[in-house]
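Structure record follows, encoded as structure tokens.
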Amino acid sequence: MLVKTGLIPAAGSGTRLGPFTNAIPKELLPVGEKAVIEHVVCAMTLAGIEHIVIVVSPSKHGLSDYFGSGKKLGVNISYVVQDERKGLADAVLAGEHIINDTFTVVLGDNFFAPKTFLKDLIDFHTGSSADTTVGVSEVEDVTRHGIINPDGQRILDMVEKPSPEDAKSHLGALGAYVFTPDIFDAIRKTKPGYKGELQLTDSIMTQILEGKNVFYKKIDGIHIDVGTPKDLMRANEWYLEHRNGDI
Ligand code: UTP
């Protein structure tokens with residue numbers, strides 16, 4: 001089975017990167033000579049994705065100005081609107097009306113290298129019996145991630161941003177997933193959780209409780225969640241130092 005569709009949530013407010021984000025969507029801030037979200041788009045095309053759905057907020061117009069139809073990057077890009085910032089799960093649900101097959105989700109403000117990480121994640125998913133695959137890695141700060149409780153390749157449970165005492169491991173979700181359309185049903189059953197938002201972690205937990213195969217795959221390499229000015233600097237420092245390498 002080939003995975004041809006990708007969804008990129010980019011409808012957040014980016015308050016931690018203000019005041020830049022008063023004028024520019026966070027996802028368009030540069031890492032090297034590309035917007036951070038363009039690195040995600042490139043990873044998707046490298047993984048064989050042919051159609052990308054970018055989720056924007058009603059006031060975020062810059063993204064379609066930047067990418068247009070996607071033709072220049074060799075991919076077909078559509079835009080869907082998340083009417084209100086209600087959380088990541090709600091952003092994914094915004095793509096339901098145009099997604100009817102297995103698809104990948106990568107956050108639009110996350111920088112990964114090497115870009116083959118996504119092909120590896122999708123290959124793992126298609127070679128397994130997973131309904132959902134969550135990309136994870138060892139994280140220092142469990143309070144910034146959805147933390148899994150692993151058993152073999154399976155996720156037994158998953159908690160969004162637990163306290164260090166409550167974390168069942170140091171394996172944290174990195175913002176890259178593969179889902180079947182079953183996730184949309186799980187999202188509809190999801191109640192507001194951490195910070196009153198619809199958390200994707202809680203929707204995945206619903207799938208686990210319903211007996212779905214929810215697996216994880218470790219992602220090697222660099223991952224920087226470009227959420228704060230410090231993260232933006234760190235991503236650029238890393239990129240400028242390694243730009244001639246295999247990134
Ligand atoms: P963040 O958790 O960093 O939220 O979103 P944010 O609103 O962008 O930033 P802050 O917290 O105000 O500084 C992670 C990714 O998920 C998207 C964001 O656009 C970002 O790419 N997102 C988040 C949505 O698309 N919709 C949401 O409701 C929440």
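The values are calculated or read from the model by the stated rules, or taken from the named source; none is laboratory data. As the structure is a prediction and not an experimental result, all values here were calculated from the model. Glycine gets a Cβ as well: all are built from the backbone with ideal geometry, and neighbour counts include every protein chain shown. Note: areas computed on protein heavy atoms with side chains; ligands, DNA, RNA excluded. Shrake-Rupley method; radii C 1.70, N 1.55, O 1.52, S 1.80 Å.
Key figures for this structure:
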quantity	calculated
Subset of K168/K189; K168/K218; K161/K195; K34/K161 violating a 20 Å alpha-carbon distance limit	K168/K189; K34/K161
The stretch 134-247: relative contact order in percent, alpha carbon pairs under 8 Å with at least 6 residues between	28 percent
Nearest-20 debye value, the chain charge dipole, Cβ charges on Lys, Arg, Asp, Glu	380 debye
Cα-only radius of gyration and Dmax that characterise the stretch 38-189, units Å	15.8, 48
Stokes-Einstein D for the stretch 82-147, Kirkwood Rh over Cα pairs, 4 °C, 1.567 mPa s (µm²/s)	91 µm²/s
For the stretch 47-123, with +1 on Lys and Arg beta carbons and -1 on Asp and Glu, the positive-most of H97, I52, L63 along the dipole	L63
Cα gyration tensor category, rounded, prolate or oblate, for the stretch 77-119 with a/c compared to 1.5	oblate
Fraction of beta bridges assigned by DSSP in the stretch 47-185 that are antiparallel (%, nearest 5)	75 percent
Rough spin-label spacing in nm, given labels placed 7 Å along Cα→Cβ, for L156 and Y79	4.6 nm
Expected 222 nm ellipticity per residue - DSSP helices of 4 or more, -39500 (n - 2.57), all of the chain, to 500	-7500 deg cm²/dmol
Solvent-accessible area, 1.4 Å probe, carbon plus sulfur percent, for the chain	50 percent
Test item: Cα-centred dipole of the stretch 128-215, Lys/Arg +1 and Asp/Glu -1 on Cβ, debye	220 debye
Calculated FRET value between K34 and N100, using beta carbons and R₀ = 35 Å, to 0.05	0.70
